[in-house]
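A short write-up of the structure that comes next.
The values are calculated or read from the model by the stated rules, or taken from the named source; none is laboratory data. What you see is a predicted model; the values in this text were computed from it and never measured. In this analysis, Cβ positions are derived from the backbone assuming ideal geometry, glycine residues included, and neighbour counts consider all displayed protein chains. Only protein heavy atoms, including side chains, enter the accessible area calculation; ligands, DNA and RNA are left aside. Shrake-Rupley method; radii C 1.70, N 1.55, O 1.52, S 1.80 Å.
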Amino acid sequence: MAALRATRGGLRFAAKAGYTFTGRSFAPAFAPAFARSFSDLRFAPTHEWFKAEGDSATLGISDFAQGQLGEVVYVELPEVGSKVSAKDTLCTLESVKAVGEVYAPVDCEVTAVNEKLQDEPATVNSSPEEEGWLVKVKFTGDVSSLMDRAAYEKHLESEKTEE
Amino acid sequence: MAASRLARHCSRQAWIRAVRSFSTDLKQTLTYEEHLKEGGKMVDFAGYAMPVQYEAKGSKHALSIIDSTKWTRESASLFDVSHMCSIRWTGKDAFDFVERVTTADVYGLPAMTGSLSVITNERGGVIDDTLVTKCSSKEHGEHVYQVVNAGCAPKDLKHFEEQLGKFGGDVKMEVMWDNRGLFAIQGPKAAEVLQRLSPSTDLKSVPFGQCFWMTLEGAECLVSRCGYTGEDGFEVFVPGSAAVPVWQLLTSQAEVRLAGLGARDSLRLEAGLCLYGHELDEDTSPCEAGLSWVIPKARRDGAKNKFIGSDEILAQLSDKSRYKRLRAGLMPASGPPAREGAEIETLDEQVVGKVTSGSMSPCLKKNISIGYINKPHNKQGTDLQVVVRGKRHPAKVVKMPFVPTKYYKP
């Protein structure tokens, strides 16, 4: 994967690299029960998704990010109660070939972690936006700069064709 | 998120660097287009555009690295390894020259047989690891056929040229590289596949290490029963014009799935095999690497046909106290994989070694690492710990290979 590049809002996921991006259409398969929360997912340019409800939120990585990382074999989750500053590492995901660090988009405190991932880390791949959620947090700070899904998909397109 | 610390797949001289597009700066093997057709995830490996894995939607070849590794051990996988460099040595003094630059017992090798060896420097360190084969053909008679790593090839060739200058003698070095295909078919069903494609060859009588000629798609191919996975398998040298047809022929066999560099690394790690730039480098002797066996008995007579660096290496063979560390296998019990660079400590935090390669084994579903450990902590069963991202995790020294090997013996 390409060298890291710092961008505003944290380090960019080094997926921007000549993998044959086959431009697959993003087709989330989700049960109707989740349709309500679908539109609430916001995305960081570094491929985390953030679902806020008041001052609480759930966080994970996008379908694009899980595809770039490969099958997750190990997940290192933070301790409940730990405080993480914006741009700091919240947790680490490992595939056979790579180590991926997941960053907090804003200052937050971890209130829950997805224990299921210790036994079934590949859930991050099969269900990145639902069953594969990583942490729940209480957060402070401004999240208005996070992208909605349409803007995020545009961001992915532009990363593909950039330069 | 950022993939900030990458598990470097390959040697320090040949990093996996993903490139923005199929840059024309990168070299291409003859089957480059075939990789693209199957959605090959291409990366820069030793200056070549090579596939890490294949991702064409709906294709049977679109396997994750984990599934590809498992498929290899259950059926058969096909790898394009044309980026490696092949050399043919001919001439009256060729055997003597190859015995000067490697530890191989060329004179002692039976006809059509190859063996792992190392190209050594003056200090007894390893310039590259290599497969040396005593081959014979109608055109060239008895000669040496050698394969070296892609990343080291420019260095190796320069070294050979320098040594040829000093050696004099009747030796000709012919490099066969980008104009031919070199394909590895590995796995328990590899022999079945080749047998079907060449019914007249009796593969049952060919042991691992031996090579033979086989006609595929009208071309005479040199096939060696060897590989880098721990499984039974073959490497097929195909003349340029037949490279794509032979690749397509092998790809279309029912038992075969394509595999890329990702699976190649997993497989060799599970088999406890060295990767140049990780377990081997110019400052590491074959003895430290646990490869004393690549210096056969006939080469241990310091008076006859000395190889470069033999003073130090032969000294190490007779006096093990000359080297303080040894390559060993480790299995971190739990926690994250201990990858290259991770420190190895005793339980009271004394640093005694370093990991050179590590990941999660797809077949064992456990963490495996290879590293160098100071004696006596390298003994099997020793309880040590590895440091990963500042945290310590217990790890036991284990025997390699991690996954039992299945080299074929008739």
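A few notes on this one:
- Calculated FRET value between B:Lys324 and B:Lys391, using beta carbons and R₀ = 30 Å, to 0.05: 0.65
- Peptide A:85-96 shows a mean partner chain C-beta count of 4 within 10 Å per residue C-beta.
- Where the protein assembly as shown is the region considered: accessible area per residue in Å², 1.4 Å probe: 41
- Projecting the Cα positions of B:Asn367, B:Gly381, B:Ala342 onto the charge dipole of the range B:310-409 (unit charges on Cβ atoms of Lys, Arg, Asp and Glu, taken about the Cα centre) puts B:Asn367 furthest along the positive direction.
- Estimated FRET transfer efficiency (B:Thr90, B:Lys158; beta-carbon r; R0 22 Å; 0.05): 0.60
- Rounded to the nearest 20 debye, the dipole magnitude of chain B is 1140 debye, with +1 charges on Lys and Arg beta carbons, -1 on Asp and Glu beta carbons, and the Cα centre as origin.
- Taken residue by residue and averaged, Cβ atoms of other chains lying within 10 Å of the Cβ of B:376-386 number 0.
- C-alpha center-to-center spacing [the range B:253-275, the range B:294-320] in angstrom: 33
- Additional length obtainable on full extension of the chain from B:Asn121 to B:Tyr107, 0.36 nm per residue less Cα span: 2.9 nm
- The range B:302-410, Rg to Rh (Cα coordinates; Rh as Kirkwood inverse mean 1/r): 1.08
- Loop sites in the range B:253-296: GluC sites (Glu not before Pro), DSSP, at most 16 other Cβ within 10 Å: B:Glu282
- Distance distribution P(r), the range B:365-410, all Cα-Cα pairs, bin width 10 angstrom from 0: 21, 47, 23, 8, 2 percent.
- Gap separating the Cα centres of the range A:47-121 and the range B:199-233, nearest whole Å: 48
- Legend: mean number of C-beta atoms from other chains within 10 angstrom of residue C-beta atoms, peptide B:57-70, equals 2.
- Backbone amide hydrogens, once placed in the peptide plane, bring B:Gly169 within less than 5 Å of nothing, excluding anything fewer than 5 places away on its chain.
- Under-5 Å amide H pairs with B:Ala395, H placed in peptide plane, nonlocal only: B:Ala333, B:Leu384, B:Gln385, B:Val386
- Ratio of Rg to Rh over the protein assembly as shown (Cα coordinates, Kirkwood Rh, two decimals): 1.00
- Across all directions, the average flat footprint of the convex hull enclosing the Cα atoms of the range B:280-358 is 6.5 nm².
- P(r) tail, the range B:98-229: Cα-Cα pairs separated by more than 24 Å, 34% of all pairs.
- Size descriptor for the range B:233-365, Kirkwood hydrodynamic radius: 18.5 Å (Cα pairs only, one decimal).
- If R0 is taken as 41 Å, the Cβ-Cβ distance between B:Ser252 and B:Lys409 corresponds to a FRET efficiency of 0.85.
- A:Ala151 versus B:Ala56: modelled label distance in nm, points set 7 Å from Cα along the beta carbon direction: 3.9
- Whole-number Å³ per residue for the convex hull built on Cα positions in the range B:337-400: 78
- Cα Rg, Dmax (largest Cα-Cα span) when computed across chain B, Å: 21.0, 64
- Listed residues B:Asp348, B:Asp96, B:Asp265, most fluctuating in chain B (Gaussian network, C-alpha, under 10 Å): B:Asp348
- A convex hull fitted to the Cα coordinates of the range B:239-308 yields 189 cubic angstrom per residue.
- Alpha carbon convex hull of the range B:47-101, projected area averaged over orientations, nm²: 6.6
- Here's how it looks for B:Lys406: its modeled amide H is under 5 Å from those of B:Glu231, B:Asp232, which are all 5 or more places away or on a different chain.
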